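K.L.:
Sharing a structure below in structure tokens format, with a few things to ask.
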Amino acid sequence: MFQKVTNFFGLKKSDSSTKKNQNSTNGDGSQGRVKETGSNKSTGSGDDDWTFYVSVPPELDLSSQETDILQKTGHNFLERLKKDQEQQQEEGEYDQKLENVFWGGKSTNGRFASFPWWFPKGRIIGTTNDDESSGERLLVSYLKIMKWPKNLITKFPFSHLCSDGCPTDFALAHTLEYREKYKPWAITPGGVKENEIGWFYVRGYSPTRYLLSNEEGGSSVIWYRPGLQKISSGRYEEYFRVVIHGLDTCIADALHRSNGKIGKCNVLLDAKGFGLSYIPSIGQTKKLMSMLQDHFPDRLGVLVIANMARAAETFLKMVLPFLPIEVRR
């Protein structure tokens with residue numbers, strides 16, 4: 001089962017600093033071919049329907065109504081930043097905060113994958129040097145889970161914060177504050193120790209139906225082996241830090257390789273060795289789920305589970321009821 005899943009992803013080692021692949025290959029290493037599928041190009045070797053589940057289209061396909069909602073939300077978010085800066089009497093550009101919260105952390109020497117959180121970067125619509133596409137890639141991920149509300153009011157984040165409804169731009173401001181304070185791209189000494197056995201890491205990328213090069217268009221892959229590490233009492237924060245840091249790194253890698261077009265992660269969860277004593281408390285699980293839902297919407301591509309044991313199945317049944325329908329879908 002584990003070997004089959006590995007071939008299913010068609011994994012290649014990801015190294016963003018190396019030369020881009022010139023040709024696509026299939027999971028078995030054979031040369032891929034390109035065929036037209038509607039308006040999109042698909043790579044594969046004959047029966048490649050499975051690539052649909054692990055591929056993400058690189059181009060946005062928005063209706064005029066969705067485009068209007070996106071631009072208004074982006075405008076309102078940047079206006080919110082500007083007003084907050086004026087109220088706090090801070091110096092510098094109002095959008096400077098966006099430069100401090102890169103996916104993967106801001107890299108100045110190119111030694112690790114890094115990419116702007118707000119992308120494409122642009123000014124408030126209607127001002128000098130305005131840009132109607134400002135932040136559209138980030139905005140889409142939030143508005144999709146909000147179901148594109150015409151009145152720009154949503155109950156997302158799904159926590160108590162917006163039970164009575166919030167403006168659509170509030171969720172972005174909420175995440176910006178979270179990224180400033182929590183710094184999800186950072187790993188603490190405690191996190192390094194917690195993951196020294198390597199139960200959670202990012203490596204490789206999946207095939208894509210839409211581009212010749214899997215490296216340029218394939219979602220990054222997270223390997224999660226919870227059966228290797230039991231969560232010790234009092235060390236939940238370190239465990240969470242490993243997961244959040246890994247996810248942020250994964251998103252940064254995908255965005256870096258695709259120049260901002262692909263920001264999803266496929267997850268291979270190997271449940272071998274996962275027993276009932278490894279199941280975390282419901283309270284701590286809800287806390288982690290809340291962080292993932294609020295601040296990483298629409299970032300999961302597919303989740304493939306290998307070596308499913310009864311304990312893992314029990315844990316999934318416990319977790320699913322706490323996830324909103326939008327997230328489960």
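None of the figures in this text is laboratory data; all of them are computed from the coordinates on show. Since the structure is predicted, the reported quantities are computational estimates derived from the model, not experimental observations. Glycine also receives a Cβ, built like all others from the backbone with ideal geometry; neighbour counts cover every protein chain displayed.
K.L.:
For the range 224-229, take each phi angle, set θ = phi - 60°, evaluate the Karplus expression 6.51 cos²θ - 1.76 cosθ + 1.60, and give the result in whole Hz per residue in order, putting x for glycine and proline.
P.N.:
Residue by residue, the range 224-229 yields 10, 10, x, x, 8, 9 Hz.
K.L.:
Scan around Tyr210 for amide H atoms under 5 Å from its own, H built in the peptide plane at 1.01 Å from N, and keep only partners 5 or more places away or cross-chain.
P.N.:
Hits under the 5 Å cutoff: Thr43.
K.L.:
Output wanted: per-residue J couplings in Hz (rounded whole) for the range 244-251, from phi through Karplus 6.51 cos²θ - 1.76 cosθ + 1.60, θ = phi - 60°, x for Gly and Pro.
P.N.:
For the range 244-251, the Karplus-derived couplings read 5, 4, x, 5, 4, 5, 4, 5 Hz, x marking Gly and Pro.
K.L.:
Considering only Cα-Cα distances, which of the following residue pairs are longer than 23 Å: Lys72/Lys97; Lys82/Lys261; Lys72/Lys121; Lys83/Lys181; Lys144/Lys230; Lys144/Lys317?
P.N.:
Beyond 23 Å: Lys82/Lys261; Lys144/Lys230; Lys144/Lys317.
K.L.:
Quick one: net charge around Thr188, please, counting Lys, Arg +1 and Asp, Glu -1 for every other residue with C-beta under 15 Å from its C-beta.
P.N.:
Working: positive: Lys181, Lys183, Lys193, Arg235, Arg241; negative: Glu194, Glu196, Glu237, Glu238, Asp248.
Around Thr188, the charge tally is 0.
K.L.:
Further question: If the convex hull of the alpha-carbon atoms of the range 184-329 is projected onto planes in all directions, what is the mean projected area in square nanometres?
P.N.:
Hull-based average projected area comes out at 8.8 nm².
K.L.:
Across every pair of different alpha-carbon atoms, what Kirkwood hydrodynamic radius in Å does the range 215-272 reach?
P.N.:
In the range 215-272 this quantity evaluates to 12.5 Å.
K.L.:
With θ taken as phi - 60° and the coefficients 6.51, -1.76 and 1.60, list the Karplus ³J(HN,Hα) couplings across the range 147-155 in order, rounded to whole Hz; mark glycine and proline as x.
P.N.:
My calculation for the range 147-155 gives 6, 6, x, 5, 8, 6, 10, 9, 9 Hz in order.
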